Amino acid sequence: MESANSPEKTENVIYRTTKHWAALLGPAMLLILGGVSVRSHLISSLVMIVVAVIWGILSVRSIRSSEFILTESKLVIKTGFLFQHVYELPYIELANADFFKPALGFMMGFGKLMIVKMDKKAIVFRLVAKPDDFAERLRKEIIKTHEAAQAGDPTP
């Protein structure tokens, strides 16, 4: 991956994760519900099936195009595919990282990733694969960067 500041410098990727396939559970449940109700409500069940298929296709594309990357100097997050959002946050601008796993997420390995910036604003991403590993590694990088910055700055 190349840095935006200097195209010739390549940064090493420390850790990478993506969105979890659990994002497909919503479309799958709607598809099943539409399939079960075909006999009793034909038109509404066909609408549900079509919506479920479109939602599923969009979810697969979103899963494949989303990634959460830790490099040597910054956090890079790419989400979505139609309207892709890219965040490039140097570790020095971050204050903390945390995660939350609901019961199903604990069993399946997904959860919510919360990133707190130095200005106390939080950025939250849902359905992240292995959010605990990612948050732990991100916290280590944030601490290492802040300690290095404090060591170079003699003012308290």
- Task: Restrict the check to region 52-63 and report whether at least one residue is among the aromatic types (F, W, Y), under 25 Å from G26 (Cβ atoms) and assigned to a strand (DSSP E or B).
- Result: no
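Let's see how each residue does on (1) over 22 Å from P131 (Cβ atoms); (2) acidic (D, E); (3) outside the structural domain of A148 (by TED's automatic domain parsing); (4) in contact with a strand residue (DSSP E or B) (Cβ under 6 Å, 6 or more places away or on another chain):
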| position | (1), (2), (3), (4) |
| --- | --- |
| L30 | yes, no, yes, no |
| G34 | yes, no, yes, no |
| V50 | yes, no, yes, no |
| L82 | yes, no, no, no |
| F100 | no, no, no, yes |
| M107 | no, no, no, no |
| F110 | no, no, no, yes |
| L113 | no, no, no, yes |
| V116 | no, no, no, yes |
- Query: Taking region 99-119 on its own, how many of its residues are of a type outside the set (A, V, I, L, M) and under 14 Å from L75 (Cα atoms)?
  - Reply: 1
- Message: I'd like to know if region 93-111 contains one or more residues that are exposed (fewer than 13 other Cβ atoms within 10 Å of the Cβ) and assigned to a loop (DSSP other than H, G, I, E, B).
- Response: yes
- Failed condition for I69, given (1) of a type in the set (A, V, I, L, M); (2) in a helix (DSSP H, G or I); (3) modelled with pLDDT of 95 or more: (2)
- Query: Based on what the data block shows, is A149 touching a residue at least 40 places away in the same chain (Cβ under 8 Å) and surrounded by fewer than 12 Cβ atoms within 10 Å (Cβ to Cβ)?
  - Reply: yes
- Selection within region 43-77 - among the hydroxyl-bearing types (S, T, Y) and in contact with a Pro (Cβ under 7 Å, 6 or more places away or on another chain): S59, S73
- Message: Only one of V128, V116 is β-branched (V, I, T), surrounded by 14 or more Cβ atoms within 10 Å (Cβ to Cβ), touching a Lys or Arg at 6+ places or on another chain (Cβ under 7 Å) and part of a strand (DSSP E or B). Can you tell me which?
- Response: V128
- Residue tally, condition within 24 Å of F81 (Cβ to Cβ) and either surrounded by fewer than 13 Cβ atoms within 10 Å (Cβ to Cβ) or of a type outside the set (S, T, N, Q) (or both), over region 9-41: 17
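The values are calculated or read from the model by the stated rules, or taken from the named source; none is laboratory data. This one's a predicted model, so the numbers in the text were calculated from it and none came from an experiment. Here the Cβ is made from the backbone with ideal geometry for all residues, glycine too, and neighbour counts use every protein chain on show.
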